[in-house]
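Please read the structure below before turning to the comments.
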Amino acid sequence: MTDQPVDVKPTGENVAGEAPAAEPEAVTDDTTVHDDGVELERTIGLTGGLAIGIGTMIGAGIFVFPGLAASNAGLAATLSFAIGGLIALLVALPTSELATAMPRSGGGYYFISRGMGTAYGAIVGFGLWLGLMFASAFYLVGLGHYASAVFGEVGVALPFSPVIGIGLVFGAALTALSIGGTENTAKIQNVVVGVLLVVLTGFLSYGVLDAVGVFGGGTVPEQFFSRGYFPVLTTAALVFTSYLGFAQVATVAGEIKDPGRNLPLAMVGSVLIVTVFYVVTIFVATSAFGADRLGEFGETAMVEVARDFLGLPGAVAILGAGLLATFSSANASILSASRAVYALSRDALLPRKASEINLRYGTPHVALLSAGGPILVLVATGRVELLAEVASFLHLIMYGLMCIALIVLRRRDPEWYSPSYRVPGYPVLPAVGALASFGLIAFMQPASIGIGIVVMLVSYLWYRYYAADVTLKGDI
Amino acid sequence: MTDRPSILVPIRVLEGESVPEGVPGLLANAHVVLLGYHVIPEQTAPGQAQMQFEDRATDRLDEYETIFEEAGATVERRLVFTHDGQKTIDRMTTEHDCLAALVPNATGPIEDVLVAVRGAVGIDRLARVVAGLFGGTEASVTLYHVAEDDETDEDVGTLLDGLVERLKDLGMDTSTIETRVDRDRGALDAIVEAAEGFDTVVMGESDPSLTTFVFGLPADQVADRFLGPVLVVQREPSKQTDE
């Protein structure tokens with residue numbers, strides 16, 4: 001067992017006179033150790049970590065984006081997903097190093113506040129909280145599309161579009177469940193992810209065989225860059241929301257067993273796995289229908305692809321899988337958002353009250369409500385692409401800053417910074433990761449960029465007003 | 001008392017569980033590893049629970065520590081916030097090299113102790129617990145064995161005599177030791193029935209099997225039905241298996 005000392009001492013207090021909570025003394029494979037014999041048990045293994053990463057990601061890339069991406073970029077949307085995966089990998093590697101050096105709750109926020117100071121930390125912390133809300137709202141709207149498609153499938157014609165309504169109902173139900181539910185949600189999440197991977201593997205294997213002509217081929221020959229080169233990048237920016245999950249593994253880094261081994265494996269592993277699934281999915285989907293028709297089907301395009309291959313049973317299977325996947329993604333994001341609120345409140349950037357625990361259920365009801373409430377407002381807008389891009393924007397800022405934080409920490413090399421995993425190719429790899437993260441933002445819609453910048457500004461002003469005296473930066 | 005056996009006393013400190021009556025007396029000669037733990041749902045970060053509940057839990061543990069120390073035990077304590085109570089208990093057992101874990105239930109003064117002997121495996125640890133806790137007391141100890149069909153009286157005699165001999169080596173007065181053997185019975189029911197009239201039960205932890213997976217560990221079942229404190233002697237810590 002490696003005893004890793006923690007030597008970061010946050011100081012100062014906020015407007016309400018609250019000081020950041022004391023840092024632990026050491027981190028072991030099984031616990032986080034505070035003074036006076038107080039320990040926090042680590043209980044999430046590698047499987048659990050992978051399930052968090054994959055479960056958060058797979059909902060969007062496969063079940064919401066194929067239609068949208070194909071109509072934007074044509075067959076080259078495959079390349080867009082590959083670019084997204086590459087950027088995610090470039091960030092996941094540095095994140096792994098930071099996480100093994102600082103396996104604490106809060107993920108990217110924690111690394112950046114300790115490595116670069118409170119101001120950057122505040123921008124990233126609030127950005128993470130809001131980014132997760134935007135992501136969660138995006139998944140819920142996707143869920144609404146799938147649930148509506150179920151109505152369509154059973155032949156119930158509704159006089160209005162139920163997408164937003166269903167999204168709102170599920171959003172409220174999820175928040176209520178996470179406050180009042182005491183059942184073992186992590187085990188359920190593991191099973192859901194397992195089922196999804198099995199269903200998708202079966203479906204995609206059939207699709208690939210069909211696309212290369214084994215079954216007499218319905219392949220639509222098409223030009224790869226049918227929409228030109230530029231849309232490949234804008235589409236990559238749009239679909240990057242599909243890659244936000246690996247950082248969620250880092251938000252529960254404080255609860256991962258044997259973090260030096262499991263954190264890098266879970267983060268890098270989940271990125272690699274979903275990238276393969278995404279690229280194959282888009283390839284199969286576009287070769288079944290061609291980009292134009294696929295685009296017409298919109299959010300639930302995959303259902304039509306499955307119907308084309310396997311008839312009604314295929315459509316039903318993918319409908320069910322889509323419901324499960326979007327639901328689990330939304331759920332994971334709400335829980336991560338609540339962890340982000342806790343991390344901010346622990347460091348006195350939000351009132352201590354925000355991470356208060358409900359005595360009846362033992363759950364952080366204030367934090368969960370402060371995630372769940374705004375999500376409903378966002379769902380009500382129903383703007384899938386905008387929600388996705390703002391979520392990506394806020395995460396990409398964090399990703400870029402994490403890469404920079406790694407470079408800063410490596411250069412100063414403080415005594416407490418001793419990661420058990422070291423990123424290969426330093427300093428080129430983290431530098432490219434930072435550039436790629438910030439670069440991708442340039443390809444987003446102006447509206448998304450505007451909202452993202454406003455969120456960052458407000459976060460910074462809040463920090464100046466509320467917690468200007470709080471110092472979180474480690475001694476570097 | 002040179003060799004105090006380490007006994008793990010796990011207490012769900014924030015759910016109204018406290019040190020039951022009679023338990024401090026039972027463990028007067030032990031090195032008590034007092035584990036206050038709090039199981040939280042997965043939606044909650046352990047650190048979050050710590051921020052809110054640490055002070056209250058620490059106050060209670062202070063109180064319990066004093067109770068054990070006044071009874072004569074030496075005490076070491078831990079406070080753990082966890083999603084998985086069993087993992088925490090197992091880890092503590094290994095880290096502090098505890099010979100046994102206590103299932104805390106109330107009892108009177110300890111006069112009669114039932115020791116359920118399963119077989120030769122782990123018998124040394126069983127002996128160290130019994131001798132360490134009850135060697136210097138007035139309590140009378142009954143070694144109890146439920147024989148299997150293929151076990152001869154001779155086998156049983158060798159097993160129990162060996163244990164008596166071992167206890168004697170550890171400094172126990174053998175005049176307070178009795179032995180008792182039953183046959184043709186389910187071990188579990190037999191132990192629960194025999195336990196009536198005793199103040200506490202010492203028994204071994206059995207290997208996890210399919211039946212334990214369905215019905216829970218025999219030690220837990222005995223504890224549920226016996227209603228008194230049960231000392232569960234832990235297996236020799238094996239090499240830790242990684243998930």
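Laboratory data are not the source of any read-out in this text; all were calculated from the coordinates shown. The structure displayed is predicted, hence computed values, not measured ones. Don't worry about glycine lacking a Cβ; one is built from the backbone with ideal geometry, like all the others, and counts go over all protein chains shown.
Annotations for the structure displayed:
- Averaged over B:75-84, number of beta-carbon atoms from partner chains that fall within 10 Å: 5
- Under the span-like rule (Cα at least 20 Å along the axis, Kyte-Doolittle mean at least -0.5), DSSP H helices of chain B: B:153-169
- Sorted fewest first by neighbouring Cβ atoms within 10 angstrom, A:K473, A:K353 come out as A:K353, A:K473.
- For the range B:77-148, the convex hull drawn through the C-alpha positions has a volume of 149 cubic angstrom per residue.
- 10 Å Cβ neighbours from other chains, averaged over peptide A:28-38: 5
- Protection proxy ranking, highest mean first, for peptides A:139-145, A:161-167, A:122-128, B:197-203: A:139-145, A:122-128, B:197-203, A:161-167, where packing is the per-residue count of other beta-carbon atoms within 10 Å, averaged.
- Applying 0.36 nm per residue to the separation of B:E154 and B:T174 and subtracting their alpha-carbon distance, the gain on full extension is 5.2 nm.
- Convex hull of Cα atoms in the range B:29-140, direction-averaged projection (nm²): 8.5 nm²
- Per-residue ellipticity at 222 nm from helix content only, as computed over chain B with -39500 (n - 2.57) for each DSSP H run of at least four residues, stands at -12000 deg cm²/dmol.
- Average beta-carbon neighbours from other chains, 10 Å sphere, peptide A:359-370: 3
- Radius 11 Å from Cβ of B:E138, net charge of other residues (Lys, Arg +1; Asp, Glu -1): -3
- Gap separating the Cα centres of the range B:134-158 and the range A:46-112, nearest whole Å: 61 Å
- Chain A: DSSP helices with Cα axial extent of at least 18 Å and average Kyte-Doolittle hydropathy no lower than -1.0: A:46-63, A:77-101, A:118-153, A:163-180, A:185-211, A:259-289, A:301-346, A:365-381, A:384-412, A:428-441, A:446-466
- Between the listed residues B:V164, B:L14, A:A391, the Cα displaced farthest toward the positive end of the dipole of the protein assembly as shown, a dipole computed from Cβ unit charges relative to the Cα centre, is found at A:A391.
- Computing FRET efficiency as 1/(1 + (r/R0)^6) for B:E165 and B:R185, where r is the C-beta to C-beta distance and R0 is 22 Å, gives about 0.25.
- Seen from A:V470, the other residues with C-beta closer than 14 Å to its C-beta sum to a net charge of +1, counting Lys and Arg as +1 and Asp and Glu as -1.
- Relative to the compact-globule estimate of 2.2 N^0.38 Å, the Cα radius of gyration of chain A comes out at 0.95.
- Taking the fewest neighbouring Cβ atoms within 10 Å as the starting point, the ordered list for A:C403, B:C98 is B:C98, A:C403.
- Centroid-to-centroid separation of the range B:55-80 and the range A:8-37 [C-alpha atoms, Å]: 23 Å
- Take every DSSP beta bridge whose two residues both sit in the protein assembly as shown; close to 25 percent of them are antiparallel.
- Rounded Å value of the spacing that divides the Cα centres of the range A:191-205 and the range A:339-376: 34 Å
- For chain B, averaging the sequence separation of C-alpha pairs within contact (under 8 Å, six or more residues apart) and dividing by the residue count gives a relative contact order of 22 percent.
- Calculated P(r) of the range A:32-189 - Cα pairs past 19 Å, %: 71 percent
- Sorted by Cβ neighbour density within 10 Å, fewest at the top, the residues A:L435, A:L196: A:L435, A:L196
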